[in-house]
Amino acid sequence: MNTKLYVGNLSFKASEDDLSALFSAHGEITDIFIVKDKFTSKSKGFAFITMDSVEAAQSATEQLNDTELLGRPLVVNEAKPKEERPRRDGGGRNFSNDRGSNDRRSRGY
């Protein structure tokens, strides 16, 4: 098991202090990262917590999964590496007017 945990179904009001208070009972925490929207800086409802040992991470997973925090049952499990996803910006197509443009100016009208 990894020492990095995924914490899902997190209340948007949850703070690092809230998570620290809950998870520190299972071992030393080396990092807490609440994922936030880059434009609004509001929580996206999940976080990653790194524990100092595999035993601490395992204990936290077993004891805290489905535990309620600020009115929501948490999902706690081992963090998985981020999967590669297809791009959402058009897949690399060339939208510039340098080739094959249908622009009136390029046709001499």
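The values are calculated or read from the model by the stated rules, or taken from the named source; none is laboratory data. In this text the structure is predicted, and so the values were computed from the model without any measurement. Cβ atoms come from the backbone with ideal geometry, glycine included; neighbour counts cover every protein chain shown.
Structure values in brief
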{"quantity": "Within the stretch 41-67, tally of residues that are within 15 Å of the chain's Cα centre (by Cα) and of a type in the set (Val, Ile, Thr)", "calculated": "2"}
{"quantity": "Near pairs, Cβ below 6 angstrom, 6+ apart or cross-chain, from the stretch 1-18 (touching a residue at least 24 places away in the same chain (Cβ under 8 Å) and over 11 Å from residue 47 (Cβ atoms)) to any residue that is loosely packed, with under 14 Cβ neighbours inside 10 Å and basic (Lys, Arg)", "calculated": "none"}
{"quantity": "Residue list for the stretch 36-82, restricted to those being assigned to a helix (DSSP H, G or I), farther than 13 Å from residue 4 by Cα and in contact with a helix residue (DSSP H, G or I) (Cβ under 7 Å, 6 or more places away or on another chain)", "calculated": "63, 64"}
{"quantity": "Selection count where residues are surrounded by 14 or more Cβ atoms within 10 Å (Cβ to Cβ) and on the phi > 0 side of the Ramachandran plot, scope the stretch 10-46", "calculated": "2"}
{"quantity": "Number of the condition not met by residue 68 [criteria: (1) farther than 12 Å from residue 10 by Cα; (2) modelled with pLDDT of 95 or more; (3) exposed (fewer than 13 other Cβ atoms within 10 Å of the Cβ)]", "calculated": "(1)"}
{"quantity": "Any chance residue 91 is modelled with pLDDT of 95 or more and either under 19 Å from residue 12 (Cβ atoms) or assigned to a loop (DSSP other than H, G, I, E, B) (or both)", "calculated": "no"}
